[in-house]
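S.K.: Mind having a look at this structure? Questions to follow.
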Amino acid sequence: MNIGKARGSQLQHSIVETDLKRDVVVGAPTEKTSVKNYADQWLDHRFDLAIRTRELYEYLLENHIYPTLGNLSLHNLTPSTIRGWHAELAQRHPSTAAKSYRLLSTIMNTAVIDGIIVSSPCRVRGAGVEHAGERPVATVAEVKALANAMPDRLRLVVLLATWCQLRRGEILGLRRKDVDALHSMIHIEQSRTIARNGTSITKSPKSRAGKRSLAVSVPIMEAIVEHLESFTESDPDSLLFCSPIGPPLSVGVLQRAWTKARLTVGRPDLHLHDLRHTGLTFAAATGATTAELMRRAGHASTEAALRYQHATRDRDRILAKALEAIMESSADGDLEMKPDDNRQDTDVRTRCRKE
């Protein structure tokens, strides 16, 4: 009798018995469980996922994970295999590679918990980190030109995205009853998005911070009221933005109008969401605190709020002119840093004087 084989059999029997007592059920032997089979089961059991998140996961699995790794067994999936797959994908699509790696890593961690594999093969340091470049920011003049380049019934989209810093889904979800013209406020109570199959999905904001009320400037509220009178039905639940024939505005129609507008203005690099970045940058330039920016943007974390504080071209030009003035005034002397006694102790500015 092979003693080693007998002991191995006894050990396996003990493991199975322990798993049964813990209510752990392993559907198939480790060596026969493929990445695709397990990932499909994992996704089927994630009832907590939002529709758009589920669609993103399905897209990443079908287009970027399964083609290379889908038929491999979990048992044979090694760190070197993962490293090679990620490196190849990152060369073509860095952001997608990071998203795909994070998803695969999450699935593998669940496989460890399920007892199918001993440890996760996803051990590529920094592979799940996205290094997004600085998003472009529009100038005030460009925002005005973009609004004017949109169809009349969609002009307000540009204004709300910029000056109220709204997300696309929040704009599409606005109803007549969400507008308080008397107090010049708008209330963000829901968002609307479109699933891949074309279904319109209305849902509450994804976080408590997303549900908020915003003060609106007089010019923007006047534009909102004009839009309500011209393009929105009288029912309080009527959406602000609908197609000319009545149904809710589709993402496709909005995107086509936006693409035409940005090309007309000469800013093909701008995405609609960049207007939100632009508006938050303008807000930051007024001296708004991080907490104020978080509230206005509907952010739940300071990291997200800080991400939108970019330097605009307008402000950068003003800074350059100020630096130029300093250079000219000190042409015959040296620069000296001196506190301004008329401001707070923590606020220091540069004074230039000739010795």
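Every read-out reported here was derived from the displayed coordinates using simple, explicitly stated rules and does not represent laboratory data. If you're wondering where the values come from, they're calculated on a predicted model, not measured in any experiment. So basically every Cβ, Gly included, is an ideal-geometry build from the backbone, and we count neighbours across all protein chains shown.
S.K.: What is the ratio of the Cα radius of gyration of segment 21-113 to 2.2 N^0.38 Å, where N is its residue count, to two decimals?
M.R.: In units of the globular-protein estimate, segment 21-113 measures up at 1.10.
S.K.: At Lys260 and Glu233, where each label point lies 7 Å from the Cα along Cα→Cβ, what is the point-to-point distance in nanometres?
M.R.: Distance between the two pseudo-spin positions: 2.5 nm.
S.K.: Across segment 140-306, what fraction of all alpha-carbon pairs, as a whole percent, falls in each successive 5 Å bin from zero upward?
M.R.: Each 5 Å bin holds this share of Cα pairs: 1, 9, 18, 23, 21, 17, 9, 2, 0.
S.K.: Here is a follow-up. Reported to two decimal places, what Rg/Rh ratio describes segment 145-219 when computed on Cα atoms with Rh from the Kirkwood expression?
M.R.: The Rg/Rh ratio comes out at 0.98.
S.K.: Any idea what the dipole of segment 21-113 comes to, in debye rounded to 20, about its Cα centre with Lys/Arg Cβ at +1 and Asp/Glu Cβ at -1?
M.R.: Computed about the Cα centre, the dipole is about 220 debye.
S.K.: Just add up the charged neighbours of Ile51: K/R +1, D/E -1, any other residue whose Cβ is under 13 Å from the Cβ of Ile51.
M.R.: Result for the local shell: +4.
S.K.: Mind sorting Tyr57, Tyr101 by how few other Cβ atoms lie within 10 Å of their own Cβ, fewest first?
M.R.: If I rank by nearby Cβ atoms, fewest first, I get Tyr57, Tyr101.
S.K.: Using +1 at the Cβ of each Lys and Arg and -1 at the Cβ of each Asp and Glu in segment 77-211, identify which of Thr139, Leu77, Ala209 lies farthest towards the dipole's positive end.
M.R.: The Cα lying farthest towards the positive end belongs to Ala209.
S.K.: At 0.36 nm per residue, minus the direct Cα-Cα distance, what do Asn71 and Glu328 gain on full extension? Give it in nm, one decimal, please.
M.R.: Going from the current span to full extension adds 85.7 nm.
S.K.: Full-extension gain between Thr78 and Ile201, please, as 0.36 nm times their residue separation minus the C-alpha to C-alpha distance.
M.R.: Length gained between Thr78 and Ile201: 40.3 nm.
S.K.: Here is a further query. For segment 140-306, what is the charge dipole size about the Cα centre, in debye to the nearest 20, if Lys and Arg each add +1 at the Cβ and Asp and Glu each add -1 at the Cβ?
M.R.: 540 debye
S.K.: May I ask you to derive the FRET efficiency for Val225 and Lys32 from their Cβ-Cβ distance with R0 = 51 Å, giving the value to the nearest 0.05?
M.R.: 0.20
S.K.: Here's a follow-up. Residue separation times 0.36 nm, minus the C-alpha to C-alpha distance between Val140 and Arg46: what's the value?
M.R.: Between Val140 and Arg46, full extension yields an extra 29.5 nm.
S.K.: Here is a follow-up. Per 5 Å bin, what percent of the C-alpha pairs of segment 231-276 does each bin hold, from zero upward?
M.R.: The calculated distribution, bin by bin, is 5, 19, 23, 18, 14, 14, 5, 2.
S.K.: What percentages make up the Cα-Cα pair-distance distribution of segment 219-309 when the bins are 5 Å wide from 0?
M.R.: P(r) over segment 219-309, rounded to whole percents: 2, 11, 15, 14, 17, 20, 14, 5, 0.
S.K.: Any idea what the dipole of segment 208-309 comes to, in debye rounded to 20, about its Cα centre with Lys/Arg Cβ at +1 and Asp/Glu Cβ at -1?
M.R.: Charge dipole of segment 208-309: 480 debye, to the nearest 20.
S.K.: Cβ neighbours within 10 Å, averaged per peptide: list 60-71, 148-159 in order, most packed at the top.
M.R.: 148-159, 60-71
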